[in-house]
Amino acid sequence: MIKGKFIDNLPKVYGIYTGGFIGFIILMAIGEQMGMTAKAIGVAFVAFTIFIYALIGWLSRTAQADAYYVAGRQVPTVFNGMATAADWMSGASFVAMAGGIYFKGYGYMALLVGWTGGYVLVATLLAPYLRKFGCYTVPDFIGTRYGGNLSRFLAVVVLTVASFTYVTAQINATGTIASVALDIPFQYAVYVGLVSILLCSMLGGMRGVTWTQVAQYIVLIIAYLLPVFWISNEIGAGFFPHFMLADEVARIGELEQQYGFVKNSAADLANVPKGLAGITKAHSAVNATPWAFISLALAMMMGTASLPHVMMRYFTTPSVKAARKSVGWSLFFIFLLYSSAPMLATLSKLSLIDPSLPTGIIGKSIAEVQAIDWYQNWNQANLMFVSDFNGNGTLELNEFFMGGKAVVLATPEIAGLPYVISGLVAAGGMAAAMSTADGLILAIANAISHDVYYKIIDPKAETQKRLTVARVLLVVIGFAGATIAAMEIQGILGSVIWAFDFAMSGLFFPLVLGVWWKRANREGAIAGMALGLISGMGYLIWVRNGGSGFLGITQLTFGIFGSAVSLVAMVVVSLMTSAPNAATQKMVDNVRVPSGRSVI
Amino acid sequence: MSKNEQHWEKTRGLLFVTLAIWFVFSIGIFLFGAEMNEVGGPFGYPLTYWFTCQGSLGIFVILIFWFAGRQEKIDEEFGFSESEDS
């Protein structure tokens with residue numbers, strides 16, 4: 001069926017794959033009509049997609065360092081864009097983002113702006129130059145540009161702190177979804193998720209992860225967009241929601257006025273299960289101060305440009321030119337999902353609170369709501385709760401509580417979509433969490449195996465030995481992440497945002513100045529990474545322990561403080577010590593020119 | 001001035017223009033978020049709301065492709081462009 005090299009046939013291969021996946025969805029829909037249980041459909045979706053990813057992982061196995069670390073540097077721009085989008089969009093983006101917008105409105109949407117605007121920094125400041133450099137990992141760039149084992153090692157430390165914070169959240173998300181879809185306890189489901197993650201990456205390294213991530217992107221984007229469009233049509237809001245929800249947004253504003261945001265007493269709130277929230281903020285009004293919005297967006301943008309698992313995706317393109325374009329494609333594919341999240345939040349909220357819609361529950365009697373099937377399901381799953389605080393027998397806006405995940409997970413069911421869509425959404429969430437976890441675990445394992453083991457401990461190691469070490473590390477780091485995830489310390493999103501702050505505290509300026517400021521030297525970079533990370537972490541610990549903070553910098557934006565310290569330390573120390581030698585200066589010149597051989 | 005220096009100067013010029021546009025749509029407009037939201041935006045959404053949902057995001061996508069194209073032109077002008085098969 002397919003002749004010639006795999007790379008030349010990519011559009012065909014993934015075209016067939018997409019067709020096959022749509023065929024599978026239709027098959028499940030027919031199965032549902034013929035009496036297949038909801039549970040069986042959920043299991044089929046999750047198991048089938050994981051099987052496909054594992055198959056791709058196995059087909060991509062390799063024994064070459066170049067293929068293992070950078071997928072042989074031959075991933076075409078558009079496909080690398082899809083892989084980056086999957087790498088980037090985590091379980092949190094998929095499951096929690098629409099919920100965050102639903103509950104927090106404008107203040108939360110700073111994340112949408114931040115998580116997209118960061119790519120402009122990636123495209124202009126870093127990706128093409130790091131691609132030209134020809135490194136395998138981000139610490140590889142730091143170590144070679146600044147020289148010395150200490151700078152390389154510090155870069156690995158920052159990378160590990162940031163990525164590990166992030167990966168536990170992803171493994172946690174795979175565990176949550178696997179436990180619901182396969183109906184097994186969370187503590188075991190976490191390891192089911194982990195094994196699936198490792199199946200994609202262990203044999204083929206970056207090559208395996210690249211081709212599974214493209215497959216995962218296709219699943220997750222179908223799983224996100226199909227319900228949004230369907231719900232929009234189902235409730236008569238318009239066939240293309242992105243351009244047609246203005247009336248719905250305005251209607252939500254009217255209803256908010258009409259109901260008012262009644263504050264619940266602490267005693268009443270004590271009855272609400274943990275993790276659930278009511279609607280307390282306006283949907284489309286500006287409800288945050290300019291600085292609160294801008295500081296969060298800025299932290300996320302700089303964090304984006306410092307996260308190694310994203311940066312290393314651009315090491316896999318065939319050329320510098322392709323790296324730049326590929327950043328554009330990445331953001332385009334991310335845009336497809338991110339621009340749909342606010343639409344889903346709008347549709348979800350309107351269908352719940354508008355009494356003129358058949359799905360609306362506000363204003364109905366409490367007993368009536370409690371008798372609804374989907375309410376009972378999601379109440380049992382601990383994601384929905386109603387209580388008649390004022391005792392009038394009718395449900396008010398302030399008496400309805402929901403978990404953030406329910407916006408994505410429950411809205412299809414509320415709007416009356418068939419169960420096959422819920423199964424699809426579970427597969428999409430799983431794909432989103434797995435693809436990000438794969439990228440992160442690989443980033444950590446590659447940094448430790450390449451930069452610590454090969455470059456510092458045993459520079460004479462043979463390829464086979466290096467790859468064995470890389471694979472063993474992959475498993476060890478995966479299990480460490482899963483073990484911590486099983487303890488459930490932070491909520492999914494909290495730890496994701498911290499990862500951005502850690503990364504920007506320690507890596508943003510050492511990376512950017514490495515390209516854009518020739519005078520930056522080793523001492524400066526070491527000071528920048530060490531003091532940046534320490535001050536950022538110190539600020540977080542201080543605020544977490546009741547510290548008041550300053551300049552409105554919160555535990556979600558501590559990276560602004562960390563990176564400011566990093567910048568000052570790096571500039572001052574660089575200027576106080578001698579300029580980098582002629583060879584290093586020449587290296588920087590070389591990085592700035594796209595043509596010619598790579599630097600290392 | 002050497003060819004490399006001229007190339008870098010132009011590259012830096014493009015960087016500043018790109019980052020200026022980036023700054024306006026990621027930070028600048030949100031200084032006036034509350035005022036701007038009173039105004040109607042595209043498709044009838046409140047303006048600030050539209051920027052956070054679609055506007056800024058879409059502009060970033062276009063901006064990166066525009067930047068990539070311009071940078072390619074600069075590279076070609078100085079003969080620093082990579083050959084197609086590399």
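Rule-based calculations on the coordinates, nothing more; no lab input. Here the structure is a predicted model, which means the values were calculated and not measured. In this analysis, Cβ positions are derived from the backbone assuming ideal geometry, glycine residues included, and neighbour counts consider all displayed protein chains.
Structure data summary
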| quantity | calculated |
| --- | --- |
| Shape metrics for the protein assembly as shown, restricted to C-alpha atoms - Rg then Dmax, Å | 24.9, 81 |
| Residue order, fewest to most surrounding Cβ atoms within 10 angstrom, among B:E82, B:E38 | B:E38, B:E82 |
| Segment A:K5-A:V472, extension gain: residue separation times 0.36 nm, minus the distance between their alpha carbons | 165.1 nm |
| Neighbour-count ranking [beta-carbon atoms within 10 angstrom, fewest first] of B:K73, A:K364, A:K460 | A:K460, B:K73, A:K364 |
| Label-point separation in nm, A:Q33 to A:D458, each point 7 Å along Cα→Cβ | 6.0 |
| Reciprocal of mean inverse Cα separation for segment A:380-428 (Kirkwood radius, Å) | 12.3 |
| Extreme residue, positive dipole direction of the protein assembly as shown, given options A:A282, B:L15, A:I456 (C-beta unit charges) | A:I456 |
| Using θ = phi - 60° and Karplus 6.51 cos²θ - 1.76 cosθ + 1.60, couplings along segment A:531-545 (whole Hz; Gly, Pro as x) | 5, x, 5, 5, 5, x, 5, x, 4, 4, 5, 4, 5, 5, 9 |
| About the Cα centre, charge dipole magnitude for segment B:13-77 (Lys/Arg +1, Asp/Glu -1 at Cβ), debye | 120 |
| Karplus-derived HN-Hα couplings along segment A:375-386 (A = 6.51, B = -1.76, C = 1.60, θ = phi - 60°), whole Hz, x at Gly and Pro | 4, 4, 4, 7, 5, 5, 7, 6, 10, 8, 7, 10 |
| Estimated Rh, segment A:333-467: Kirkwood, alpha-carbon pairs, angstrom | 18.4 |
| Dipole magnitude of the protein assembly as shown about its Cα centre (Cβ charges: Lys, Arg +1; Asp, Glu -1), debye to nearest 20 | 2320 |
| Anchor A:K5: aspartates and glutamates whose Cα lies under 19 Å away (excluding residues fewer than 8 positions away in-chain) | A:D66, B:E84, B:D85 |
| Estimated vicinal HN-Hα couplings, Hz - segment A:458-464 in sequence order (Karplus 6.51, -1.76, 1.60; Gly, Pro = x) | 9, x, 9, 4, 7, 3, 4 |
| Which of A:S578, A:A520, A:F239, positive extreme of dipole for chain A (C-beta unit charges) | A:S578 |
| Cross-link partners of A:K281 among lysines (Cα-Cα below 21 Å; sequence separation of 8 or more within a chain) | A:K104, A:K263, A:K349, A:K405 |
| Qualifying aspartates and glutamates (Cα of each under 12 Å from Cα of A:K518; at least 8 residues distant if same chain) | A:D589 |
| Segment B:13-77 - Debye-derived log10 I(q)/I(0), Cα point model, q = 0.11 Å⁻¹ | -0.32 |
| Rg(Cα)/(2.2 N^0.38 Å) for segment B:5-48, N = residue count | 1.70 |
| Restraint check, A:K132/B:K73; A:K465/A:K586; A:K12/A:K132; A:K321/B:K73, Cα-Cα greater than 22 Å | A:K465/A:K586; A:K12/A:K132 |
